[in-house]
Amino acid sequence: MRKIIPLTIIVSLFSLLSFVTIGEKEHDKRLVGIWKGFEVDKQYEGLEKHWIQQRFENGTYVIMFTSKQDCEITTFTEKGKWWTKDGEFFEQSTSSKNIDIYKYTIDNPMVVSFKSVVLLGKKDDTYIFSDYKMDLD
């Protein structure tokens, strides 16, 4: 019994430390870093999309997209703010007033799965994708 109480305290402290609050917005530290992902035909049929995203501890992000559709390749960059709350991930681009909302799960330290809740200001639960952490060591 004596070993269970300290273990419970350690586990509780660790779970609290995995979140950092900046300006009343919570940032799940497990999402900080450089991540990559891709999808084909998920949002639009015939569209293949690849991205690399860096999420910073201060709640900002930058993402570079490369998309291919009808043999045309397009690249663009997006910047904005991100935060988390109650298992949801919020992302707001500097070029939009809309806040995209996703439910997220940490599959393992190297994979995060997302499912849309709100996209472009409208309810949408159809978009599912994963981010894969880039190991830079």
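The values are calculated or read from the model by the stated rules, or taken from the named source; none is laboratory data. Here the structure is a predicted model, which is why all the values come from computation and not from measurement. Using ideal geometry, Cβ is built from the backbone for each residue, glycine included, and neighbour counts are taken over all protein chains shown. Areas reflect the complete protein model, heavy atoms only, side chains present, ligands, DNA and RNA absent. Shrake-Rupley method; radii C 1.70, N 1.55, O 1.52, S 1.80 Å.
Where in the stretch 59-137 are the strands (runs of 3 or more DSSP E), entirely inside, with at least 1 residues that are of a type in the set (Val, Ile, Thr) and open to solvent by less than 40 Å² (accessible area, probe 1.4 Å)?
Numbers: elements: 60-69, 72-85, 88-93, 100-108, 111-119, 128-133.
By residue number, 60-69, 72-85, 100-108, 111-119.
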Checklist entry - Does THR21 fit the bill of being at pLDDT below 85, part of a strand (DSSP E or B), out of contact with any strand residue (DSSP E or B) (no Cβ under 6 Å at 6 or more places or on another chain) and closer than 28 Å to ASP86 by Cβ? => result yes
Checklist outcome for this item: Out of (1) in contact with a helix residue (DSSP H, G or I) (Cβ under 9 Å, 6 or more places away or on another chain); (2) at pLDDT below 95; (3) within 23 Å of GLU45 (Cα to Cα), the one PRO109 does not meet is (3)
Checklist entry - Taking the stated definitions as given, is LYS42 open to solvent by 30 Å² or more (accessible area, probe 1.4 Å), out of contact with any helix residue (DSSP H, G or I) (no Cβ under 8 Å at 6 or more places or on another chain) and either not aromatic (Phe, Trp, Tyr) or not in a strand (DSSP E or B) (or both)? => result yes
